[in-house]
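Novice: Sharing a structure below in structure tokens format, with a few things to ask.
The values are calculated or read from the model by the stated rules, or taken from the named source; none is laboratory data. Everything numeric here is computed off the predicted structure, so don't read it as measured data. So basically every Cβ, Gly included, is an ideal-geometry build from the backbone, and we count neighbours across all protein chains shown. In case anyone asks, the SASA skips ligands and DNA or RNA and just uses the protein heavy atoms, side chains included. Shrake-Rupley method; radii C 1.70, N 1.55, O 1.52, S 1.80 Å.
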Amino acid sequence: MAYVTKEQVAGIRKQIKAAFPKWKVSVRMQRHSTVVVSIMAADIDFLKDYKDFDGNGVATKNIQVNHYYLDRAFKGKALAALEKIKTIANKGNHDNSDSQTDYFDVGWYFNLNIGEWDKPFVKI
């Protein structure tokens, strides 16, 4: 059963803020099972460089990032930064799931957002 503690989330928050000190990043726990990282302001324009899976540019103010396919949606500095955040947020996590047998075993789930639905991303 997926479970993450307040201490683990605080450690992830501390590491992300140390890696990106100029950024405004929200790191929070959701339902004791998910680490949610939202990049609210950064010096990289994630929205400008984002492309959907068809390769079309998307005019939006926030993105719910599919962290399994970062390389399909981002490139360059944006991709490197998101990969680093993904690595930090999943340090100590495990995924022994087998979807064919309907068996899910993860340490915790991970969600990555650029902005939030009610607060748009801002380039600084």
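Novice: Can you give me the % of accessible surface on the chain that is carbon or sulfur? Probe 1.4 Å, all protein chains present, nothing else counted.
Specialist: Carbon and sulfur together cover 50 percent of it.
Novice: Continuing with the same structure: Among Tyr103, Gly115, Ala73, pick out the residue whose Cα is farthest towards the positive end of the charge dipole of the chain, where Lys and Arg carry +1 and Asp and Glu carry -1 on C-beta, about the Cα centre.
Specialist: Checked the options; the winner is Gly115.
Novice: Net charge within 14 Å of Lys24 by Cβ-Cβ distance, Lys/Arg positive one each and Asp/Glu negative one each, not counting Lys24 itself?
Specialist: +4
Novice: Give, as a single signed number, the net charge of other residues whose beta carbon lies under 9 Å from the beta carbon of Ile124, with Lys and Arg counted +1 and Asp and Glu -1.
Specialist: +2
Novice: How far is helix 76-89 tilted, in degrees, relative to the longest principal axis of the Cα atoms in the chain, given as a value from 0 to 90 rounded to the nearest 10?
Specialist: 20 degrees
Novice: With +1 on the Cβ of every Lys and Arg and -1 on the Cβ of every Asp and Glu, and nothing else charged, how large is the dipole of region 12-124 about its Cα centre, in debye rounded to the nearest 20?
Specialist: Here region 12-124 has a charge dipole of around 740 debye.
Novice: Which of the peptides 4-12, 115-123 is most tightly packed, and how do the rest follow, judged by the mean count of other Cβ atoms within 10 Å per residue?
Specialist: 4-12, 115-123
Novice: In addition: In this model, which of Lys6/Lys77; Lys14/Lys91; Lys6/Lys75; Lys48/Lys91; Lys14/Lys77 are farther than 25 Å apart at the alpha-carbon?
Specialist: Check vs 25 Å cut-off fails for Lys6/Lys77; Lys6/Lys75; Lys48/Lys91.
Novice: Shape of the chain from its Cα gyration tensor (a ≥ b ≥ c, root eigenvalues): rounded if a/c is under 1.5, otherwise prolate when a/b > b/c, or oblate?
Specialist: In terms of gyration-tensor shape, oblate.
Novice: Considering only protein heavy atoms, what per residue accessible area in square angstrom results for the chain with a 1.4 angstrom probe?
Specialist: The answer is 63 Å² per residue.
Novice: Ok, one more. Using Cα pairs closer than 8 Å and at least 6 residues apart in sequence, work out the relative contact order for the chain, in percent.
Specialist: 34 percent
Novice: Moving to a separate point now. Find out how many positive minus negative residues lie around Val4, taking Lys and Arg as positive, Asp and Glu as negative, among other residues whose Cβ is under 14 Å from that of Val4.
Specialist: For residues surrounding Val4, the net value is +3.
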